[in-house]
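Heads up, the thing below is written out as structure tokens.
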Amino acid sequence: MRTRLTLALIVVSVVAAAAAQSPQLLADTTYSKLQAVIQGSTAGPARAGSASRRTVFSQTEMNAYLKYRANTWLPTGLTDATVQFIGPNKVATLVTADLDGVRKKSSGGWFDPTAYLSGRLPVYVTGTLVTADGRGRFALERATVDGIPVPKLFIDELLAYYTRTPDQPSGMRLEEPFVLPSEIRRIDFTPGEAAVIQ
């Protein structure tokens with residue numbers, strides 16, 4: 001009887017531990033943390049002399065979120081997004097992009113890099129993301145499409161295409177400075193983690 005009880009407790013512990021680490025649960029937890037960051041801005045900025053808010057996201061958490069919860073805000077044509085927090089200010093992303101839509105909107109000339117690629121292909125980008133005083137700027141270091149190096153112009157066109165909005169019809173440019181949302185002051189990157197400071 002005691003052996004069965006011990007075995008049952010071990011099974012329950014293993015199942016509970018597996019559930020706690022399930023990617024779906026991790027995605028839900030990360031979503032809650034992101035909502036807290038967004039809602040933290042509605043509470044007003046941290047007062048002078050008061051402690052800043054610090055929310056840490058692991059690379060594993062963010063990738064679970066991107067896999068299970070990001071479909072609602074990723075632009076149509078982008079799937080399978082993942083992120084790497086490589087080290088201080090250094091990040092990388094991998095996403096599968098549908099390049100046919102981009103190609104239809106391009107000039108299609110000899111010097112247009114989007115004219116030569118089509119279909120759904122993996123796009124890998126790595127670079128430095130420097131953030132301070134509520135602003136950020138990304139500097140591209142390397143970009144590939146399906147493992148083939150591509151110029152910054154290609155990534156610029158891709159980003160502009162997928163970030164167009166009615167308010168910003170030409171989309172974003174890769175290395176333009178930008179304002180951090182939700183009163184975020186900066187983001188500190190260490191290997192495997194990103195800390196959002198508000």
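What follows is calculated from the coordinates using simple rules that are stated; it is not laboratory data. Here the structure is a predicted model, which is why all the values come from computation and not from measurement. Positions of Cβ are backbone-derived with ideal geometry, glycine not excepted, and every protein chain shown enters the neighbour counts.
What the table shows:
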item	result
Simple spin-label estimate for A139 and A51 in nanometres, 7 Å along Cα-Cβ	3.4
Cα shape, the stretch 129-198, gyration tensor, a/c 1.5 rule	oblate
Cα centroid separation, the stretch 132-166 to the stretch 72-99 (Å)	11
